[in-house]
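Peer 1: One structure, as structure tokens, below. Some questions next.
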Amino acid sequence: MDEVASSGVFGARRTSFGAYAAAYDAVRPDWPAGTVAWMLGSPTAATVYRVVDLGAGTGLGTRAIATMGHEVIAVEPSAGMRDALTTSLGALPERIAARVSILAGGAEDIPVESGSIDAVTAFQAWHWFDEAAAAAECARVLRPGGWLSMGWHHRSEDVVWLRELAEIVQRRQNQPDDQEAPPVWPEFEPSETELFTHRMRQSVENLVLHASTWSYVAIRPERDRILDEVRALGRRVADRDGMVDIPMTTRCYRLRRR
Ligand SMILES: C[S@@+](CC[C@H](N)C(=O)[O-])C[C@H]1O[C@@H](n2cnc3c(N)ncnc32)[C@H](O)[C@@H]1O
């Protein structure tokens, strides 16, 4: 882990997730099958891949991959997140849950054999890694022709109330939260970029819970005040059913191992 990765605010944010893993799993956006299929390199329906999901968290991406028929090794350093992932498998049909194995570990030291993996994914997670070390590890574990991909959901900035929300939570404070430039590494062919649209509909209280899982909110001393403001905004913009719509763009990169 480099100096930036281990420094105060970044380190606090990077390790903040496990404390509210159950909430995270309940209210964070999922990963639609079309997005996941692109991230896996668009395999045919009959193909069964062996996939490593880095920073798997509570398994929002892991479960999508397993549901599509692939074997997934979920690699996650946080015990709280791994526990939530284990619990979440109980809600899946047994034949799907059986495709998932969960390992303690980090992207910089992936606990699998060299050349044994068809695809590596990082859903909303790559920005937490030591990028150079993680890219080298991904190159090590992937077979030639295998895929490395990373994706990030972004709330739409075209929607007025979402711009207000970004102001309240000060999303840009203490970045990074994504990777804006396509990655370039010598072991991989040039990256491809794709944008997907996604949408989630939440109650106001789930919006508040959702905001509480953003690491830049979770670590702030004034967290409760921020969440009160989120609640007030949500109540102001909710529809007659008390729900808010959150349109998102999901930006993804994929790179093929040479
Ligand atoms: C924002 S969450 C994303 C979780 C999940 N992939 C999803 O889409 O919901 C980021 C995850 O990355 C994990 N993480 C942080 N540093 C990591 C590292 N160096 N290697 C692997 N995972 C890491 C965190 O513990 C957290 O579970």
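The values are calculated or read from the model by the stated rules, or taken from the named source; none is laboratory data. No experiment lies behind these values; they were computed from the predicted model shown. SASA here: full protein model, heavy atoms, side chains in, ligands and nucleic acids out. Shrake-Rupley method; radii C 1.70, N 1.55, O 1.52, S 1.80 Å.
Peer 1: Given the DSSP H assignment, sum -39500 (n - 2.57) over each helix run of at least 4 residues in the chain and divide by its residue total; what's the result at 222 nm in deg cm²/dmol, nearest 500?
Peer 2: -10000 deg cm²/dmol
Peer 1: Considering the chain as a Gaussian network with a 10 Å cut-off on Cα pairs, which listed residue, THR213, THR86, THR44, attains the greatest mean-square fluctuation?
Peer 2: Judging by the Gaussian network model, the answer is THR44.
Peer 1: Also: Under a 5 Å amide H to amide H cut-off, with H placed in plane at 1.01 Å, what residues pair with ASP30 once short-range neighbours are removed?
Peer 2: For ASP30, whose amide H was placed from the backbone, there are no distant partners under 5 Å.
Peer 1: Oh, and also: Which whole-percent values make up P(r) of segment 3-256 when all C-alpha to C-alpha distances are grouped in 5 Å steps starting at zero?
Peer 2: Distribution as computed: 1, 6, 13, 18, 19, 17, 13, 8, 4, 1, 0 percent.
Peer 1: So, one more: Over the chain, with a Gaussian network built from C-alpha contacts below 10 Å, which listed residue (PRO111, PRO186, PRO247) shows the highest mean-square fluctuation?
Peer 2: Sorting by GNM fluctuation, first place goes to PRO186.
Peer 1: Another question about this same structure. Might you tell me the accessible area per residue for the chain, computed with a 1.4 Å probe and given in Å²? Walk me through the numbers on the way to the answer.
Peer 2: Numbers: 11470 Å² over 258 residues.
Here the residues of the chain average 44 Å² of exposed surface.
Peer 1: Using Cα pairs closer than 8 Å and at least 6 residues apart in sequence, work out the relative contact order for segment 3-256, in percent.
Peer 2: Dividing the mean separation by the residue count of segment 3-256 yields 22 percent.
Peer 1: Using a Gaussian network model of the chain whose springs link C-alpha atoms within less than 10 Å, name the residue from VAL237, VAL27, VAL52 with the highest mean-square fluctuation.
Peer 2: VAL237
Peer 1: Report, to the nearest whole %, how much of the accessible area of the chain belongs to carbon and sulfur atoms, 1.4 Å probe, protein only.
Peer 2: Accessible surface attributable to carbon and sulfur in the chain totals 51 percent.
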